[in-house]
Amino acid sequence: LSLSLVSDWSSDRNLIIEEQSFVPCEDLKFGRISFKGFNPEVEKLMILMNPREEEEGGEESRMQTDITDEEMALRYESLVGSMKKKFAKKRERAANEDNKNQNFSETITKRAFMKPQD
Amino acid sequence: MFPALKQRVGDVLLPGDEFSSEDDDTISLTDHVKPEKVVCGPGLRRSGDRLVVCKSGVLRHKQPNMFWMESQQRRYVPAKGETIIGIVTVKSGDIFKVDCGGSEQASLSYLAFEGATKRNRPNVQVGDLVFAQFIIANKDMEPELVCMDSSGRANGMGVFGGGGLLFSVSLGLVRRLLSPHSEVLSDLQQLFPCELVVGMNGRLWVKSSRVQQTLVIANLLQSCDTMTAQQRRELFRRVAQGAL
């Protein structure tokens, strides 16, 4: 909505806003139109620029996916584990090998420089 | 004022009819009245605290608070934000002068195109058609056009038009073509593959795969301006059957 004039600010009773254009009144669509694929770029623009219409099923349409969300989640789980192993230092890898049979993982404390007490 | 306006929606009103907040039958018991906002569209004007009709026509309403006068005319008056088809008439220095069908020519800066810089000037010649939108359009200043939106993208605006035909229609037909569930457009869709550019200044540009089809579409649109819906459907059907 493009507002061009607002009535005097001092009056707080009624606010009358003037709008010169028909476009917001009648919800007019974008001015370039193409039919039956005559100009594919314009058809792309039409989808982009026109206000999106609501579908009957719901407001957002789900995109067509090749694999389901569950499969994607499982894939990510194993991916995270394998990436972690790839970048693990030698000592961590050895520790993980020992723990593989048991179902818990230990956090490896890094050996840092310890300041002498005195 | 709001209830008085809502009551007259759909009525024919004439210039001089006015709506005032003093005409309301209800009187508020509390001193502090909640300000009711009214948006008056084309054909309605604010005069002090009153709303005055300045064009004869039918009063229309859109939720929640928009009112306007629906009328027929052919003369275009530039309005901010509207996209139009302009014809470049003068190319002087840094700006182009564009004929938009209004009372004076609009100016279009050469920098107002996507990707234009001082070194990289857009390729616009005198006589080119541009699809542009107004950023300044009031009765006190020269209208100004741009061919990009506020973020610098073209969005379909700019120079266009090889191989098509430009013609004029009434402003009412343009609005009917661009309205959300346009019947004229859906009828036209059944005919031939074609491309249309619709300017709010009453100018249409059509291009189809053959010159004959382009002329047919142009004639159809010009003649269905003054037809009833039934006459128009009949005409389109005859053309579709006769089309080779």
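The values are calculated or read from the model by the stated rules, or taken from the named source; none is laboratory data. Keep in mind that what you see is a predicted model, and the values were worked out from it rather than measured. Reconstructed Cβ throughout: ideal geometry from the backbone, glycine too, with neighbour counts over all protein chains shown.
Restricting to the range A:14-28, name every residue that is of a type outside the set (A, V, I, L, M) and facing chain B (nearest Cβ under 7 Å). Explain how you work it out, then say what you get.
Of all residues in the range A:14-28, those of a type outside the set (A, V, I, L, M) come to A:14, A:18-22, A:24-27.
Correct list: A:ASN14, A:GLU18, A:GLU19, A:GLN20, A:SER21, A:PHE22, A:CYS25, A:GLU26, A:ASP27.
Can you tell me which residues in the range A:47-69 are part of a helix (DSSP H, G or I) and either at pLDDT below 85 or touching a Phe, Trp or Tyr at 6+ places or on another chain (Cβ under 6 Å) (or both)? Please lay out each step first, then the result.
The initial filter retains those residues of the range A:47-69 that are part of a helix (DSSP H, G or I), namely A:47-49, A:69.
Residues satisfying the conditions are A:MET49, A:ASP69.
Name the residue that is modelled with the highest pLDDT, counting only residues in the range B:11-37 that are in contact with a Leu (Cβ under 7 Å, 6 or more places away or on another chain) and within 26 Å of B:LYS80 (Cβ to Cβ).
Taking the range B:11-37 first, the residues in contact with a Leu (Cβ under 7 Å, 6 or more places away or on another chain) are B:11, B:13, B:18-19, B:35, B:37.
Filter once more, so that each one left must be within 26 Å of B:LYS80 (Cβ to Cβ): B:13, B:18-19, B:35, B:37.
On the way: B:LEU13: 92, B:GLU18: 86, B:PHE19: 85, B:PRO35: 63, B:LYS37: 83.
Filtering first and then ranking leaves B:LEU13.
I'd like to check something: does the range B:159-171 contain any residue that is more than 23 Å from B:LEU185 (Cα to Cα) and within 12 Å of chain A (Cβ to nearest Cβ)?
Keep residues of the range B:159-171 that are more than 23 Å from B:LEU185 (Cα to Cα), which gives B:159.
If we keep only those that are within 12 Å of chain A (Cβ to nearest Cβ) too, we end up with none.
No, the range B:159-171 contains no residue that is more than 23 Å from B:LEU185 (Cα to Cα) and within 12 Å of chain A (Cβ to nearest Cβ).
Could you count how many residues in the range A:30-45 are surrounded by 18 or more Cβ atoms within 10 Å (Cβ to Cβ) and either part of a helix (DSSP H, G or I) or among the aromatic types (Phe, Trp, Tyr) (or both)? Give the derivation first.
Step one: filter the range A:30-45 for residues surrounded by 18 or more Cβ atoms within 10 Å (Cβ to Cβ), giving A:30-35, A:39, A:42, A:45.
Remaining after also requiring either part of a helix (DSSP H, G or I) or among the aromatic types (Phe, Trp, Tyr) (or both): A:30, A:35, A:42, A:45.
Residues that pass the stated criteria total 4.
For the range B:45-76, what are the residues that are at the interface with chain A (Cβ under 8 Å from one of its Cβ atoms) and at pLDDT 85 or above? Spell out the reasoning first.
We begin by selecting, within the range B:45-76, every residue at the interface with chain A (Cβ under 8 Å from one of its Cβ atoms); these are B:45-46, B:49, B:51, B:60, B:62, B:66, B:68.
Listed by number, the residues that qualify are B:ARG45, B:ARG46, B:LEU51, B:ARG60, B:LYS62, B:MET66, B:TRP68.
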